[in-house]
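Values quoted throughout were computed directly from the atomic coordinates according to the rules given, and no laboratory measurement underlies them. Just so it is clear, the model here is predicted, and its values are computed rather than measured. Reconstructed Cβ throughout: ideal geometry from the backbone, glycine too, with neighbour counts over all protein chains shown.
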Amino acid sequence: MKRHFTPLLCLLILAALMAACQSTKRSASTVAEESQGIALVKQNIGSRLPSGCFSSKIHLELTVKGEKTTANGSLKIRQGQWIQLSITPLLGIEIARVEITPDTLLVIDRFNKQYAKASLEDLKLIGNTGNTFPALENLLLNKLFLPGESKGISPSGIRQLSFRKEEGGGIIATLKKRNSSQASRSFQFNAQRELAMTRISAPQKYELAWEYSDFTNTANGRYPATMKATLQSNLATIQAKISHSKISTKKFDAKQSAVPKRYKPLDIESLIKTISDL
């Protein structure tokens, strides 16, 4: 059972996340790059989910320490409130469920009839625990986000970004670092004006590259049907590929699952050990 669902906890080890000197006179090309970059960022932050809901069927391929695991399931997101990952590898029968709220993490192992529930603050999955939920939510929704902004990047937050044009027509937006210890963060837009990659790097801790491809039309605009996340740390390199299908933005009710009374609880230490043993 562990091979099926505990690797998914890697997706929770997501992270919280350059600016050059300018002369008083900027070239016309620099101004054009900034103008185009600002337009792309505004386009990204402006495309919100009207219903506040997202759901899809997923196929997950996870590679940890050279060992590959695959699983089918579903993903549901209620913006700002709740993320649910359900694993159903056998005839649509759920064997595991991972749920995250802004405050808690709940993992239900239906196969072994056990569960773990912990506060994100106790787990400290991302250096600044206040970033854990919004970081994961925005990564999954193909959205820009900045430290301390729980609902993605605000219009005023655009001033924290610098812009650089790439060959081929793409634009890279980079967070202006305030000090050497702050995590760097960049967002890469392709020539089709789509957010193609979010890259986050914490010095001497980890680097996360979250790539988006195979954009498809949905009722709420274009969405990447394929995501590839690569997390490199001092402990291991973890790669996850998420393939989406049956994407929907229809509204649904969302509340944290009730755990059957007969299920055995695990403590926080056991949960952390499960993650570290991957």
Task: Environment charge of A173, counting only residues whose C-beta is closer than 12 Å and scoring Lys/Arg +1, Asp/Glu -1 - done: +4
Task: Inter-label distance for A39 and S119, nm, one decimal - labels placed 7 Å from Cα along Cα-to-Cβ - done: 4.7 nm
- [ ] Would you kindly calculate the mean projected area, averaged across all directions, of the convex hull enclosing the Cα atoms of segment 141-254, in square nanometres?
- [x] 9.2 nm²
- [ ] Excluding Q192 itself, calculate the net charge of residues whose Cβ lies under 14 Å from the Cβ of Q192, where each Lys or Arg counts +1 and each Asp or Glu counts -1.
- [x] -1
- [ ] Bin width 10 Å, alpha-carbon pairs only: give the P(r) of segment 81-121 as whole percents, running from 0 to the bin holding the largest distance.
- [x] 30, 49, 19, 2
Open item on the list: Defining a contact as two alpha carbons under 8 Å apart and six or more residues distant in sequence, what relative contact order in percent does segment 31-92 show?
Closed with: 24 percent
Open item on the list: Here is the link list: K228/K251; K205/K241; K113/K250. Which ones come out longer than 24 Å on Cα distance?
Closed with: K228/K251; K113/K250
